[in-house]
Amino acid sequence: MADHLYVCLQDEDKIVGYAIDTDTGGLTLQAEVPVAGGPSVLALSPDRQVLYAGHRTRPAISSFRIDQGAGKLMPQGSVSAADAPTFLATDRTGRYLLCAYYQGSGAAVHPIAADGAVGAPPLDELATAPGAHAIATDPSNRFAFVPHIARLNDNVLEPPKENPGPNMILQFRFDVQTGRLTPNSPFRVEPAERLGPRHYCFHPTQDLVYFSNEQGCSVTGYRLDRASGTLSAVQTVTTLPDGYTARNTCSQIHLTPSGQFLYVANRGHNSIAGFAVDAATGRLTAIGHVSTEAVPSAFSLDPAGHFVFAAGTASGQLASYRISGETGALTPLVIYAVGQRPAAVLATRLGD
């Protein structure tokens with residue numbers, strides 16, 4: 001077995017791969033593959049054999065077979081898209097690739113070939129609204145959600161443009177036999193405040209889903225009704241320290257595999273906020289912040305949940321941290337110069 005980390009360098013048109021030392025969290029460059037068109041988002045097949053990449057400057061989706069020994073990427077297939085994919089995720093079976101389109105104001109489902117390759121046009125396309133930022137199926141593979149942010153084109157390096165976004169989560173039913181998405185009832189979950197739900201992750205054992213809120217600079221935990229596939233908010237907590245009032249937006253959100261700790265990236269405050277997750281209720285308690293690279297739009301946890309790797313899109317560097325198994329606190333390790341605009345980070349385990 002071996003752990004690897006992949007980083008999209010959007011402005012260099014390539015993906016680089018690193019071997020992860022499972023004892024120290026140290027990274028060793030293993031390979032790089034040219035990927036034209038600004039690779040900016042990544043997803044992994046359920047069997048961890050195939051890596052999917054979305055291209056931003058020349059809209060498309062590509063797939064790469066992962067060499068299970070060295071972690072090298074072998075191009076497999078690609079399909080063009082009308083708009084740049086903002087988020088990619090396979091369904092739980094690995095038969096379909098779900099895509100959210102921020103500028104394209106919608107979502108799509110692509111069929112995946114038996115060998116994991118993507119290359120066929122979408123079999124389902126849905127118009128939602130501008131600012132669609134993520135999509136994934138729930139653990140039952142029967143439902144999916146598409147969050148939409150509350151302010152569009154919200155670059156944290158600039159003053160807010162006050163361009164209102166939908167500020168909602170759309171709820172869908174997913175048919176694994178056909179790959180089709182249909183609106184659930186109710187269709188919309190609309191926060192009372194201007195939160196701007198962006199990305200989300202599912203608790204490994206409880207019926208809970210956690211959303212990072214881009215404009216709200218917070219995390220909201222939602223109860224997931226297993227029968228209806230609908231969400232109801234139970235808690236919202238800030239990702240910022242008391243007294244911080246400067247410009248900030250949240251980006252990605254990740255849980256440790258154990259479900260004990262949750263992390264969210266702050267862009268502007270430039271930090272990773274940590275939370276302890278109550279084992280009985282799933283409620284969050286803040287455990288502090290650690291400084292990170294400028295504009296951390298993407299980060300990833302290693303497969304065992306021992307390390308965090310956070311990319312600074314403005315600095316071109318990747319910061320690494322050790323996760324305390326007792327408290328969830330992050331201890332800074334090494335900062336790596338990885339290249340221009342590291343836009344996506346994904347860790348995986350190979351060979352088991």
* Asked: Which stretch or stretches of the range 198-238 have amide N atoms under 16 Å from the point lying 7 Å from ALA279's Cα along the Cα→Cβ direction?
  -> 204-206
* Asked: Label point 7 Å out from SER258 along Cα-to-Cβ: which residues of the range 20-60 have amide N under 13 Å?
  -> none
* **Three principal axis lengths of the chain [C-alpha, angstrom, descending]** => 47, 45, 41
* Asked: When ligands, DNA and RNA are left out and all protein chains stay put, how many square angstrom of accessible area per residue does the chain have with a 1.4 Å probe?
  -> 39 Å²
* To do: Normalise the Cα radius of gyration of the range 1-146 by 2.2 N^0.38 Å (N = residues in it) and let me know the number.
  => 1.03
* Please work out the Cα center distance from the range 297-314 to the range 102-155, rounded to the nearest Å. => 23 Å
* Over the Cα atoms of the range 180-291, compute the convex hull volume and normalise it per residue, giving Å³. => 115 Å³
* Accessible area of the range 103-157 belonging to carbon and sulfur atoms, whole % at 1.4 Å probe -> 55 percent
* **Relative contact order %, the range 14-60, counting alpha carbon pairs below 8 Å whose residues are six or more apart** => 30 percent
* Structure fact -> Scoring only Lys, Arg, Asp and Glu (+1, +1, -1, -1) among other residues with Cβ under 15 Å from the Cβ of VAL156 yields +1
* What percent does the relative contact order of the chain come to when contacts are Cα pairs within less than 8 Å and at least six residues apart? -> 13 percent
* Backbone N within the range 279-317 under 20 Å of label point (7 Å from THR24 Cα along the Cβ vector) -> 302-310
* Asked: How much FRET efficiency would the formula 1/(1 + (r/R0)^6) give for ALA337 and ASP83, where r is the Cβ-Cβ distance and R0 is 22 Å, rounded to 0.05?
  -> 0.10
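The values are calculated or read from the model by the stated rules, or taken from the named source; none is laboratory data. Source: prediction; values computed, not measured. FYI the Cβ positions are ideal-geometry reconstructions off the backbone, even for glycines, and counts take in every protein chain you see. Side chains are part of the model used for accessible areas, which takes the heavy atoms of the whole protein and leaves out ligands, DNA and RNA. Shrake-Rupley method; radii C 1.70, N 1.55, O 1.52, S 1.80 Å.
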